[in-house]
Amino acid sequence: MNNEAQKCDFKLHRIFQKKYLIFDLKTCAIFTKTNWSCLFLLVNIGENSIKPNSYLMKLTFLAPFFLLFFGLSLFNAIAQQTDYFDEIPKPIFKNGESQIVPEFSSSEEWIREELWVETSFDSDKDGKLDRMHVFVTRPHQTNSRKLKLPVVYTSSPYYGLKISTMLGQSVKMISKGRFWKVKHELGETPKSHNHAKLGTRIKRPFMAFSLDNTWVPRGYIMVYSSSPGTGLSDGAITVGGENESLAPKAVIDWLCGRAKGYSTRTGNEEVEAYWSTGKVGMTGTSYDGTLCLAAATTGVEGLEAIIPVAPVSSFYHYYRSNGLVRSPGGYLGEDVDVLYDFVNTGDKSKRKQNNALIRDSILVANQDRITGDYNDFWDSRDYVNKIDKMHAAMIMAHGFNDWNVMPEQSYRFYKAAKEKGLPVQLYYHQDGHGGDPSLKMMNRWFTRYLHGIENGVENNPPVWIVREDDDAATPYKSYPDSSASDVILHLKSGTNGTGFLTTENVDQQKTETLVDDYSIPASELHESKNAKNRLLYLSPVLEKSIRISGVSRVTIKLACSKSAANLSVYLITLPWVEGKHVNIYENIITRGWADPQNHKSIRKGEPLIPGEYVQVSFDLMPDDQIIPAGKQIGLMIFSSDQEFTLWPKPGTQLTIDPNSTSITIPIVGGVEEYKKAVKGK
């Protein structure tokens with residue numbers, strides 16, 4: 001190279017060293033954004049600085065710059081697609097809560113993807129590990145690989161249901177005989193019922209719109225998965241079986257880098273959750289809340305917090321009460337196998353096999369609608385029995401007037417978690433099924449345990465209860481209230497089937513008898529015209545309000561005219577409130593059911609000997625309610641409950657010994673406060 005060319009080369013070297021070559025990756029974009037002007041500059045320099053005696057020399061000189069130009073252009077294009085040069089926004093926190101981040105808030109820019117996570121089991125017995133179908137919604141900034149966020153995760157057996165099915169399923173199943181018949185004698189083998197045949201929804205979950213808009217702008221990634229045998233997930237439905245715990249565990253393992261995800265159901269192209277911090281929280285209502293417990297009780301690492309709402313903690317307690325076959329409210333005749341049918345939306349080619357292998361051979365064979373006794377099948381579907389491995393912080397939420405998934409479900413699990421020493425809070429309201437805690441409460445919980453922000457939430461009051469006629473929750477130090485103590489109310493016989501509740505024990509009373517008749521709704525049994533079909537015992541009229549907080553318990557000494565009978569107990573208030581807009585907490589305080597055959601053991605019932613007395617004791621549902629002045633508290637004892645129990649032929653007689661029958665009610669302030677309310681009567 002001659003001297004002039006050497007000088008030119010030196011100048012170019014200095015130019016690029018000063019102007020272009022000493023830059024970070026972001027500066028690359030600045031270089032390439034000058035585009036053709038840079039290239040033209042290079043060409044011009046080359047043309048003027050190199051003698052035209054060698055075309056090859058020109059190419060040799062210019063080729064590196066062409067390669068550099070196109071390489072940087074390509075890099076810039078890729079970087080723009082991955083947000084490399086954007087200022088990466090981060091979650092914002094204020095007053096201990098994650099705030100809406102404007103850069104995360106445009107739903108049009110969210111990345112929505114689906115994949116399948118490989119599990120550790122093969123529940124459909126096809127020789128391959130089951131894969132769970134997963135939907136993800138995340139801010140586009142996570143594509144940069146510079147931003148990782150925690151995950152709010154929900155798992156459900158309902159995502160595979162089409163909307164038309166969800167809206168009309170229970171009505172259609174009843175009309176087409178897909179529930180068990182309840183009109184038959186106790187202990188009788190029920191006739192088989194028809195089975196639903198469902199389609200499969202393949203779109204994103206219906207609730208994704210709401211959940212995405214709640215959590216993604218606040219710096220979380222939303223993840224949804226269908227449980228085994230539902231939607232586009234492999235496997236078989238087991239309704240509380242082990243695979244329904246291991247499935248969400250596998251998804252959490254994938255979110256933490258311990259399991260494999262694939263872009264297709266059967267392919268081998270792997271998908272990584274590189275955008276996850278490995279901190280996962282779960283929430284969901286009803287069965288979805290149940291799966292929060294299922295995942296948490298595996299002890300899976302990375303599941304830091306759960307907020308289950310109205311979850312089933314025991315499937316026995318969902319379908320049975322103290323040995324009695326008892327349906328969940330609103331679903332008369334439902335049982336484990338019916339629920340299986342209700343969510344059976346998985347691979348159609350495997351349904352026949354799964355139906356035979358799981359539904360018919362395990363569920364129907366072991367649920368036992370004849371005796372209602374507790375057994376190993378039910379024991380394996382109780383998450384309280386598996387709580388030892390759980391470490392996740394929990395807010396438990398439920399409604400005291402949920403007669404579908406009844407409040408004992410949440411209370412028994414909350415109590416076990418509290419006794420284990422886990423970080424727990426309790427949120428109860430006065431309404432029915434569902435009902436999340438406030439967004440503020442949920443936000444602070446996830447902010448603390450998923451983002452790791454020390455907001456002191458663990459030092460907040462541990463119990464929150466929405467009072468009657470209120471929207472906001474009132475904080476308490478405990479549930480049941482620490483100031484509540486048991487008030488034992490005894491029976492005093494009266495006339496026309498209506499007696500009295502008294503704090504004094506009354507002896508030497510005659511027995512009283514009721515006649516079973518399922519055709520009379522429980523809501524009408526308090527009326528005097530139905531006196532022969534129930535026994536009713538009333539407190540004096542309250543002259544000041546009292547608050548019940550905790551679990552009431554009844555002890556009843558009875559004899560039956562037959563070898564089996566239903567036993568139903570309601571704690572009510574009178575006067576009964578009628579009308580179209582009656583609050584759900586009016587009239588019925590709490591209630592419970594039992595099979596007198598199980599008076600000795602829940603695992604083994606014994607046929608009653610007609611005329612021979614047995615003593616039955618059992619809890620009613622947990623409650624926390626203020627009973628206003630002007631009301632009377634009533635204990636109503638009857639047999640078959642039209643809404644919940646089997647319907648044997650009317651006529652069975654239950655004879656009650658009032659001398660040995662009582663109810664224990666936890667009242668804030670105890671006996672002293674109760675006596676003040678009734679003026680010592």
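When the helices in the chain are scored as -39500 (n - 2.57) per DSSP H run of 4 or longer and the sum is shared across all residues, what 222 nm value do you end up with, to the nearest 500 deg cm²/dmol?
Working: 16 runs with 165 residues, N = 681.
The helix-only estimate for the chain comes to -7000 deg cm²/dmol at 222 nm.
Per residue, what volume in Å³ does the Cα convex hull of region 435-537 take up? Don't skip to the end; give the middle numbers.
On the way: hull volume 18.7 nm³, N = 103.
Normalising the Cα hull of region 435-537 by residue number yields 182 Å³.
Averaging sequence separations of C-alpha pairs under 8 Å and six or more residues apart, then dividing by the length of the chain, give the relative contact order as a whole percent.
Averaging sequence separation for qualifying contacts and normalising by length gives 13 percent for the chain.
Ignoring ligands and nucleic acids, what accessible area does Met166 show with a 1.4 Å probe (Å², nearest 10)?
We get 80 Å² for Met166.
Based on alpha-carbon centroids, what's the gap between region 600-671 and region 463-480 in Å, whole number please?
28 Å
Just read off the accessible area of Phe93 with the full protein assembly in place, 1.4 Å probe, to the nearest 10 Å².
Phe93 exposes around 70 Å² with every protein chain in place.
By its C-alpha gyration tensor, with a ≥ b ≥ c as the square roots of the eigenvalues, how is region 293-410 shaped: rounded for a/c under 1.5, else prolate for a/b larger than b/c, else oblate? Don't skip to the answer; put the middle values down first.
On the way: a/c = 1.71, a/b = 1.26, b/c = 1.36.
Oblate shape, in that a/c is at least 1.5 and b/c is the bigger or equal ratio.
How much accessible area per residue does the chain have, in Å², with a 1.4 Å probe? Please report the intermediate quantities before stating the final value.
Working: 29250 Å² over 681 residues.
That works out to 43 Å² for each residue.
Mean Kyte-Doolittle hydropathy of 1.0 or higher plus an axial Cα length of 27 Å or more: which whole DSSP H helices in the chain meet both? Don't jump to the answer; show the numbers that get you there.
Numbers: long enough: 55-81 (38 Å, 1.33).
Span-like helices, by this rule, are 55-81.
Suppose the Debye formula is applied to equal point scatterers at every Cα of region 253-326; what is log10 I(q)/I(0) at q = 0.19 Å⁻¹?
So the normalised log intensities work out to -0.86.
Give, rounded to the nearest 20 debye, the magnitude of the charge dipole that region 409-451 has about its Cα centre when Lys and Arg contribute +1 at Cβ and Asp and Glu contribute -1 at Cβ.
Numbers: 7 positive and 3 negative charges, 44 e Å.
Dipole of region 409-451, to the nearest 20 debye: 220 debye.
May I ask for the distance between the Cα centers of region 323-342 and region 273-290, given as a whole number of Å?
If you average the Cα positions of each part, the centres end up 28 Å apart.
Just going by the charge dipole of region 502-569, with Lys and Arg at +1 and Asp and Glu at -1 on Cβ, which of Thr502, Leu514, Ala564 is farthest out on the positive end?
Ala564
Ignoring ligands, DNA and RNA, what percent of the accessible area of the chain is carbon or sulfur (1.4 Å)? Display every interim value, and only then the final one.
Numbers: 15290 of 29250 Å².
Here it works out to 52 percent.
Among bridges DSSP assigns within the chain, what percent are antiparallel (round to 5)?
On the way: 77 of 108 bridges.
Looking only at bridges with both residues in the chain, the antiparallel portion is about 70 percent.
Among rounded, prolate and oblate, which fits region 365-443 when a ≥ b ≥ c are the square roots of the eigenvalues of its C-alpha gyration tensor, a/c under 1.5 means rounded, and a/b larger than b/c means prolate?
Numbers: a/c = 3.02, a/b = 1.42, b/c = 2.12.
Oblate.
Please list, in chain and number order, the residues 5+ apart from Val678 or on another chain whose amide H is under 5 Å from its amide H, with Hs placed from the backbone.
For Val678, whose amide H was placed from the backbone, the distant partners under 5 Å are Glu543.
Considering the dipole of the chain built from charges on the beta carbon (Lys and Arg +1, Asp and Glu -1) around the Cα centre, which of Gly669, Ile453, Ser410 is farthest to its positive end?
Ile453
Give Lys183/Lys350; Lys90/Lys389; Lys557/Lys649; Lys148/Lys249; Lys529/Lys580; Lys260/Lys415 a once-over and call out the pairs whose C-alpha atoms are over 25 Å from each other.
Working: Lys183/Lys350 34 Å; Lys90/Lys389 33 Å; Lys557/Lys649 23 Å; Lys148/Lys249 20 Å; Lys529/Lys580 23 Å; Lys260/Lys415 36 Å.
In this structure, Lys183/Lys350; Lys90/Lys389; Lys260/Lys415 lie more than 25 Å apart at Cα.
May I ask you to list the GluC sites (Glu not before Pro) in region 508-560 that are in a DSSP loop and have at most 13 other Cβ atoms within 10 Å of their Cβ? Walk me through the numbers on the way to the answer.
On the way: sites: Glu512, Glu524, Glu527, Glu543; in loops: Glu527, Glu543.
In loop regions of region 508-560 (DSSP not H, G, I, E or B), the sparsely surrounded GluC sites (Glu not before Pro) are Glu527, Glu543.
Leaving ligands, DNA and RNA out of it, work out the accessible area of Arg591 with a 1.4 Å probe and give it in Å² to the nearest 10.
Counting only protein heavy atoms, the figure is 10 Å².
I need the GluC sites (Glu not before Pro) found in region 239-284, filtered to DSSP loop residues with at most 15 other beta carbons within 10 Å of theirs. Kindly include the intermediate steps, with their values, before the conclusion.
Working: sites: Glu242, Glu244, Glu269, Glu270, Glu272; in loops: Glu242, Glu269, Glu272.
Qualifying residues, ordered by number: Glu242, Glu269, Glu272.
At what distance in angstrom do the alpha carbon centres of region 394-436 and region 551-580 lie from each other?
Between the Cα centre of region 394-436 and that of region 551-580, the gap is 24 Å.
Using a ≥ b ≥ c from the Cα gyration tensor of region 358-517 (square roots of the eigenvalues), is it rounded, prolate or oblate, where a/c under 1.5 gives rounded and otherwise the larger of a/b and b/c decides, a/b for prolate? It would help to have the intermediate numbers written out before the result.
Working: a/c = 2.37, a/b = 1.37, b/c = 1.73.
In terms of gyration-tensor shape, oblate.
Show me the three semi-axes of the equivalent ellipsoid for region 637-681, from the C-alpha gyration tensor (sqrt of 5 times each eigenvalue), largest first, rounded to whole Å. Write down the numbers at each step before the final one.
On the way: eigenvalues 227, 41, 15 Å².
Equivalent-ellipsoid dimensions as semi-axes: 34, 14, 9 Å.
The values are calculated or read from the model by the stated rules, or taken from the named source; none is laboratory data. As the structure is a computational prediction, the values presented were derived from the model and not from experiment. Note: ideal-geometry Cβ built from the backbone for every residue, glycine included; neighbour counts use all protein chains shown. All accessible areas refer to the heavy atoms of the entire protein, side chains included, with ligands and DNA or RNA removed. Shrake-Rupley method; radii C 1.70, N 1.55, O 1.52, S 1.80 Å.
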